[in-house]
1. With N set to the number of residues, divide the alpha-carbon radius of gyration of region 1-125 by 2.2 N^0.38 Å and report two decimals.
2. Using a 7 Å offset from the Cα along the Cα-to-Cβ direction at both His27 and Asn93, what is the distance between the two label points in nm, to one decimal?
3. Given region 55-155, what count of lysine pairs have C-alpha atoms under 27 Å apart, with each pair 8 or more places apart or on different chains?
4. May I ask you to derive the FRET efficiency for Thr107 and Arg68 from their Cβ-Cβ distance with R0 = 22 Å, giving the value to the nearest 0.05?
5. Once the mean 1/r over all distinct Cα pairs of region 115-155 is inverted, what Kirkwood radius in angstroms do you read off?
6. Relative to the longest principal Cα axis of the chain, at what angle does helix 116-140 sit, 0 to 90 degrees, rounded to 10?
7. Simple spin-label model, 7 Å along Cα-to-Cβ: Asp140 to Arg56 in nm?
8. Charges at C-beta only: +1 for Lys and Arg, -1 for Asp and Glu. How large is the resulting dipole of region 27-135 about its Cα centre, in Debye rounded to 20?
Amino acid sequence: LVYDFGGGTFDAAVVQLRDGIIQVVNHSGDNQLGGKLIDWALIERVFVPKLLAEHRLADFHRGNERWRGAFAKLKAAAEEAKIQVSRTNKPFNLYKESVCQDERGETIDFECTLTPKDLAAIAEPFVRRSIDLSKKALSDKSVPLSAIERVILVG
């Protein structure tokens, strides 16, 4: 099973190797499922609530043109934090200077600690969807889980 959880898409391919020939037996995927959804969930569920609890930021949301630069910085920070926690399985202390300015024009630096537990809770629904798609790729061709010799992680 080739499990490809990329930045913006997810694909699961059931691949068979027989007599030196590789053949795709079945495929399932979602063009709207990937790591960037985890990044945005981190922003919406962790970063934005923390910023709003600490600062006055009128109409602070992703769709507001005024805050586009701040959300771009938060997106990069979310990806960095996600990668660091995933690689080390340890809390990651994130610090980003000059994320935006508050209502008085004062520069806001952003600090946040992301734990493996926090990341797992946020990522879980997206990972669950990918697992369900993988199971569908198998069941559509009546391939039992026991027939899978390897899972190749990509993305």
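The values are calculated or read from the model by the stated rules, or taken from the named source; none is laboratory data. Everything quoted here is computed from the prediction, not taken from an experiment. Virtual Cβ from ideal backbone geometry, glycine too; neighbours counted across all protein chains shown. Keep in mind that these areas ignore ligands, DNA and RNA; they rest on the heavy atoms of the full protein, side chains included. Shrake-Rupley method; radii C 1.70, N 1.55, O 1.52, S 1.80 Å.
1. 1.35
2. 4.6
3. Number of lysine pairs found: 14.
4. My answer for the efficiency is 0.85.
5. Taking the inverse mean of 1/r over all distinct Cα pairs, region 115-155 comes out at 11.9 Å.
6. Between helix and principal axis, roughly 30 degrees.
7. Once both label points are built, they end up 5.4 nm from each other.
8. The dipole magnitude comes to about 380 debye.
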